[in-house]
Amino acid sequence: MLLELMVLLVILLVIWVVVSLPVFLASRVVEEGTSYTKAMLATLSGIVASYVVMKLLEPMSPEISQVAGFLATIVIYKAIFETGWAKAFAIAVIAIVVEILLVMFLMLLLSLLGIAIPSALWPPHPRAKMLPF
């Protein structure tokens, strides 16, 4: 039991370090002198704040909760990176673009190695026609 808990904590720490990379790269593009620890703090705080805001507003409107969650992340970036609204927004948008590019690169690399990642649409819709090959 203790070993599984320690393994889980190590895995969560590794994931936290990896998902902080796009925020760090985006903050380096927008602001000079930012550190990886600030990016890690911003990532964790942004996820928590976004989750709380979205869960509070979701009963009213899922669309409004999504926008409010994104704004909560921008507020966190503004506070942690000590920057203005425009730069905090730029960090958020650039981090999303960097994350998409990193995922695309990882998928390309895995496909070149012959490793297939299942689609998000798996299992297929029951009425979907499967190709014969």
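Here, each number is a calculation from the coordinates, and none is a lab measurement. Fair warning: this is a prediction, and the values are worked out from it, not measured in the lab. Here the Cβ is made from the backbone with ideal geometry for all residues, glycine too, and neighbour counts use every protein chain on show.
Things worth noting here:
- Structure-based [θ]222 nm, the chain - -39500 (n - 2.57) summed over DSSP H runs of at least 4, per residue, nearest 500: -25000 deg cm²/dmol
- Helix axis angle, 21-30 relative to the chain longest principal axis, alpha carbon, degrees: 40
- The chain: angle of helix 2-19 to the longest principal axis, Cα-based, in degrees nearest 10: 70
- When all alpha carbon pairs of the stretch 11-112 are counted in 5 Å bins from zero, the resulting P(r) reads 2, 14, 21, 22, 18, 13, 7, 3, 0, 0 %.
- To the nearest ten degrees, helix 85-112 and the longest principal axis of the Cα atoms of the chain are 30 degrees apart.
- Only Cα pairs under 8 Å and 6+ residues apart enter the sum, and on that basis the relative contact order of the chain stands at 22 percent.
- Sequence of 24, 105 once ranked by neighbouring C-beta atoms within 10 Å, starting from the fewest: 105, 24
- Candidates 110, 44, 57: whichever shows maximal mean-square fluctuation once the chain is modelled as a Gaussian network with Cα springs under 10 Å: 110
- Cβ-defined net charge surrounding residue 94, 14 Å radius [Lys, Arg +1; Asp, Glu -1]: 0
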